[in-house]
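For reference, the structure discussed in these notes is given below.
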Amino acid sequence: MEQNPDPESGHRRPISSPLHVVQKVKQNLIFRSKWAELNGAMGDLGTYIPIVLALTLAKNLDLGTTLIFTGIYNFVTGAIYGVPMPVQPMKSIAAVAISNPSFGIPEVMAAGICTAGILFLLGVTGLMQLVYKLIPISVVRGIQLAQGLSFAMSAVKYIRNVQNFAKSKSAGERHWLGLDGLLLALVCACFIIIVNGSGDDDDDDDRRATSTTTRRRKLRKLIASLPSAVMIFLLGVVLAIIRGPKAVKGFKFGPSSIDVIKISKHAWKEGFIKGTIPQLPLSILNSVIAVCKLSTDLFPDKDVSATSVSITVGLMNLIGCWFGAMPCCHGAGGLAGQYKFGGRTGGCVALLGVAKLVLGLVLGSSLVKILDQFPVGVLGVLLLFAGIELAMCSRDMNSKEEAFVMLICTAVSLVGSSAALGFLCGIVVHLLLRLRTLGDGQSLSSFWFAQNS
């Protein structure tokens, strides 16, 4: 077989034939466990549904078109990477759109296209891979911890308070009883804890096990095999139909019409200044750098490079945004959430992609009537465990120095509500700590990488 040199390692590697590519795609889409992969697919919905629903209600985002394109994104990224790579809305752009009345759909799409173009260029030029190698692991963990805690705090807000997604505001405390009551959310949270535990796989064999402990272990494995996220999501769908029966009667079957979005010069300017500039640091740090690091931690046998992730995020939006699909990216929180609930292969997100595609083609934008009645407290529970799973990735700091940098980065990111500001402070603190050891027989060229090697 003909070979090409690997630009990063210098070794020669086989050129992929079409047959080899097909075999790799099939391998990436294999289900480790059908129920586990289906359950994992639900792990990202606590982030996806609230943001898309808010933009649909507040800005008339075409939900049908967004479902179709994000479904395709899910399937393709699952086939490429072989891991439960999430597809999430770009949160900063969404936040600007919801809070700013003059920031409409053309501005949202312009912001997504500009962000995508920059990420694509960083990917194809190899600059993103260079950035990935230079950023200290303690800073990456700080960003992950901040994002995880941010998700968890948003989840608690969803659980405790009634939400008005159209205005991105809370509307008073949630009642204990009811179809979207606080008691329902607490029961769902307890159910997930009983079924999934802390998220560790209990596969240790106890050779000294008695018949009693064997029965207990079988019972524990039976409980752990329950698709908790699927069951809770289906419960939410049933409750949504009960809460809004007229929404089902008003269904219009068939996809939404897909049109090219007309973007004026003013929309390009507003989109770049108000949307792209705040979104870009978050996309680079959380959608590329943190995702690649988390993928390496969870799936060390899979090749998920910063270059490829940056390119796929760019291509998704350079295509979809022109037709009105919500600007999307990958996210460490979504990956952690899907892993938490059992997602282990690309088949997890491919299955979710097929479901989105079918819903987009069959129901189109009329699906928003059901989503508007979906119990928000239930979504908050799913988001809570996704955030905790992401935050727990930061527990591998081996020294007080690494933990110090991580916590500085996290604190600034949370208090300042800016991942970019937290990242900058983390880099400065890391640099200052390395400078303290510069005189200990260490060369200037190697001191930065001492903590990263």
Once every DSSP H run of n ≥ 4 in the chain is given -39500 (n - 2.57) and the sum is divided by its residues, what mean residue ellipticity at 222 nm do you get, rounded to the nearest 500 deg cm²/dmol?
-19500 deg cm²/dmol
So which trypsin sites (Lys or Arg not before Pro) in region 220-263 end up in coil per DSSP with only 12 or fewer other C-beta atoms within 10 Å?
K252, K262
Using alpha-carbon positions, the gyration tensor of region 232-282 gives root eigenvalues a ≥ b ≥ c; with a/c under 1.5 called rounded, otherwise prolate if a/b exceeds b/c, else oblate, the class is oblate
Using only protein heavy atoms and a 1.4 Å probe, report how much of K269 is accessible, in Å² to the nearest 10.
120
Given a Förster distance of 22 Å, report the FRET efficiency between V156 and D372 from their Cβ-Cβ distance, rounded to the nearest 0.05.
0.50
Placed amide H near Q163: partners under 5 Å, 5+ positions off or other chain:
A171
Can you work out ³J(HN,Hα) from phi for every residue in region 236-251, in order, using Karplus 6.51 cos²θ - 1.76 cosθ + 1.60 and θ = phi - 60°, giving whole Hz and x for Gly and Pro?
x, 5, 4, 5, 5, 5, 5, 5, x, x, 5, 5, 5, 5, x, 5
Mean separation of Cα contacts under 8 Å (6+ apart) over length of the chain, as relative contact order %:
37
Relative to the compact-globule estimate 2.2 N^0.38 Å (N residues), the Cα gyration radius of region 360-432 stands at a ratio of 1.69
Rg over Rh [alpha-carbon atoms, Kirkwood Rh] for region 317-438:
1.09
Note to self: with every protein chain in place and a 1.4 Å probe, the chain gives an accessible area per residue in Å² of 47
Taking a label point 7 Å from the Cα of S99 along the Cα→Cβ vector, which residues of region 58-76 have an amide N closer than 13 Å to it?
none
Give the cross-link partners of K265 among the lysines, using a straight C-alpha distance below 26 Å as the criterion and excluding same-chain residues fewer than 8 apart.
K59, K91, K274
Can you tell me the Rg and Dmax of the chain, counting just the alpha carbons, in angstroms?
22.5, 75
Please give the contour-minus-distance gain from L222 to S417: 0.36 nm per residue of separation, less the Cα-Cα distance, rounded to one decimal in nm.
66.0 nm
What Kirkwood Rh does region 32-180 have if only Cα atoms enter the pairwise 1/r average? Answer in Å.
18.0
Under 5 Å from the placed amide H of C329, counting only residues 5+ away or on other chains, we find Q88, M90
Probe 1.4 Å, all protein chains in place: accessible area of M397 in Å², nearest 10?
30
Taking a crude spin-label model, label points 7 Å out from Cα along the C-beta direction, the Q23 to W176 distance in nm is 6.2
Only four residue types carry charge here, +1 at the Cβ of Lys and Arg and -1 at the Cβ of Asp and Glu. Report the dipole size of region 98-250 about the Cα centre in Debye, rounded to the nearest 20.
460
Based on the alpha carbon coordinates of region 61-110, what radius of gyration and maximum Cα-Cα distance (Dmax) apply, in Å?
13.3, 40
Carbon and sulfur together cover what percent of the accessible area of the chain at a 1.4 Å probe radius?
64
Viscosity 1.306 mPa s, 10 °C: Kirkwood-radius Stokes-Einstein D of region 225-325 over Cα pairs, µm²/s:
88
Nearest 20 debye, what's the magnitude of the dipole of the chain about its Cα centre given +1 on Lys and Arg Cβ and -1 on Asp and Glu Cβ?
940
If the reach is capped at under 29 angstrom between alpha carbons, list the lysines near K34, excluding any in the same chain fewer than eight residues apart.
K24, K26, K218, K221, K293, K302, K340, K356
Sort D62, D259, D396 by accessible area with a 1.4 Å probe, largest first.
D259, D396, D62
Write out the chymotrypsin sites (Phe, Trp or Tyr not before Pro) in region 123-183 meeting two conditions: DSSP loop, and at most 13 other Cβ atoms within 10 Å of their Cβ.
W176
nm² value of the averaged projected area, convex hull over the Cα atoms of region 84-158
7.0
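The values are calculated or read from the model by the stated rules, or taken from the named source; none is laboratory data. In this text, all values refer to a predicted model and were calculated from it rather than measured experimentally. So basically every Cβ, Gly included, is an ideal-geometry build from the backbone, and we count neighbours across all protein chains shown. Remember, those area values only see protein heavy atoms, side chains included, never the ligands or the DNA or RNA. Shrake-Rupley method; radii C 1.70, N 1.55, O 1.52, S 1.80 Å.
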